[in-house]
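For reference, the structure is listed below as structure tokens.
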Amino acid sequence: MTTPNTTCLYPQLAPSTAYDKGCRCARCIEGRRIVVDKFKEKNPDYYKIYHKEWYAKNVKQKLASSIQYYKNNAEKIKIYREGNAEKIKTQKKLYRKNNAEKLKVYEAMYYQENTERLRLKRRTPVRVIRAAMNRAKCRMLRMGKHLVPPLNPDEQARLYKFYETRYYLSESTGVMHHVDHIVPGSKGGLHHPDNLQILTASENCKKKDKIL
Ligand SMILES: [Zn+2]
């Protein structure tokens, strides 16, 4: 940031020249602005390209200074956002529309760089439990559609309870537990709560396709 001085350091020089020499008085700042504006008008692409190159070289610093600015002005920004919610919404919409292609690339990049973090965020207990339940169901469906009978809501809830219990039992004891089909699918056992039990992984491996 430049701090303006109150009196001109080089009143005998043209404002733009004085600005180049380091004067930051009101006259020279304004004079410089006019010169820059004229230049921009004649060379509309210059700053676009210049900024792009500069930004590419300084992405990290720029980001850090932006974050710092947000931190320093959090209250001001919050008030502005609250007072201009509609305007901001429209601007965002327009921006997204005009930059759809670019944003697609950015989002893909962001996803690639944050895959692991996003994956962990998705791994809430309910999602993990549902995923395990789905995998089991698919496994049984592959063995035969008739092995997966339609369930009423009560049976559905009991089925979920098995997978939920398995999850929290494994988490709390540190010993991997499995939901086991008492009569295995290969022997015609159904994917139904009446045919389920919870075993430790090692018990389940010993059991294999036997009926215990
Ligand atoms: Zn000056």
Placed amide H near Asn5: partners under 5 Å, 5+ positions off or other chain | Arg24, Cys25
Measure out, as a whole number of angstrom, how far apart the alpha-carbon centroids of region 22-56 and region 146-174 sit.
-> 66
³J(HN,Hα) across region 21-27 via Karplus (A = 6.51, B = -1.76, C = 1.60, θ = phi - 60°), whole Hz, x for Gly/Pro?
-> 6, x, 6, 10, 7, 4, 4
Sequence neighbours fewer than 8 away in the same chain don't count; with that in mind, list the aspartates and glutamates whose C-alpha is under 19 Å from Lys71.
-> Glu82
In whole angstrom, how far apart do the alpha carbon centroids of region 76-132 and region 175-212 sit?
-> 42
Residue by residue through region 139-148, the couplings from Karplus 6.51 cos²θ - 1.76 cosθ + 1.60 with θ = phi - 60°, in Hz, x for Gly and Pro, are 4, 5, 4, 5, 6, x, 4, 5, 7, 10
Enumerate the amide H contacts of Ile182 below 5 Å, restricted to partners 5 or more residues apart or on another chain; note that Pro and chain-start residues carry no placed amide H.
-> Leu196, Gln197
What size of dipole, in debye to the nearest 20, comes out for the chain about its Cα centre when the only charges are +1 on Lys and Arg C-beta atoms and -1 on Asp and Glu C-beta atoms?
-> 440
Gyration tensor (alpha-carbon) shape descriptor, region 1-72, a/c threshold 1.5 | oblate
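Quick one: order Thr115, Thr17 by neighbouring beta-carbon count within 10 Å, fewest to most. Show your work: numbers first, answer last.
Working: Thr115 10, Thr17 15.
Lowest to highest Cβ neighbour count: Thr115, Thr17.
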Residue by residue through region 67-78, which ³J(HN,Hα) values in whole Hz follow from phi under the Karplus form 6.51 cos²θ - 1.76 cosθ + 1.60 (θ = phi - 60°), with glycine and proline marked x?
-> 4, 4, 4, 4, 5, 5, 10, 3, 5, 4, 5, 4
Measuring from label point to label point, each 7 Å out along Cα→Cβ, what is the Lys207 to Asp194 span in nm?
-> 1.8
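Quick one: of Lys38/Lys60; Lys52/Lys97; Lys145/Lys208; Lys48/Lys87; Lys42/Lys78; Lys76/Lys102, which pairs are farther than 28 Å apart, Cα to Cα?
On the way: Lys38/Lys60 31 Å; Lys52/Lys97 21 Å; Lys145/Lys208 21 Å; Lys48/Lys87 25 Å; Lys42/Lys78 38 Å; Lys76/Lys102 30 Å.
Violating the 28 Å Cα-Cα cut-off are Lys38/Lys60; Lys42/Lys78; Lys76/Lys102.
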Per DSSP H run of n ≥ 4, the term is -39500 (n - 2.57); total these for the chain, divide by its residue number, and report the mean residue ellipticity at 222 nm rounded to 500 deg cm²/dmol.
-> -22000 deg cm²/dmol
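So what are the chain's ellipsoid semi-axes, whole angstrom, largest first, if each one is the square root of 5 times an eigenvalue of the alpha-carbon gyration tensor? It would help to have the intermediate numbers written out before the result.
Details: eigenvalues 950, 69, 57 Å².
One finds semi-axes of 69, 19, 17 Å for the chain.
Every number in this text was worked out from the coordinates using simple rules, so none of it is lab data. These figures come from a predicted structure and were not determined experimentally. Note that each Cβ is placed from the backbone with ideal geometry, even for glycine, and that neighbours are counted across all protein chains shown.
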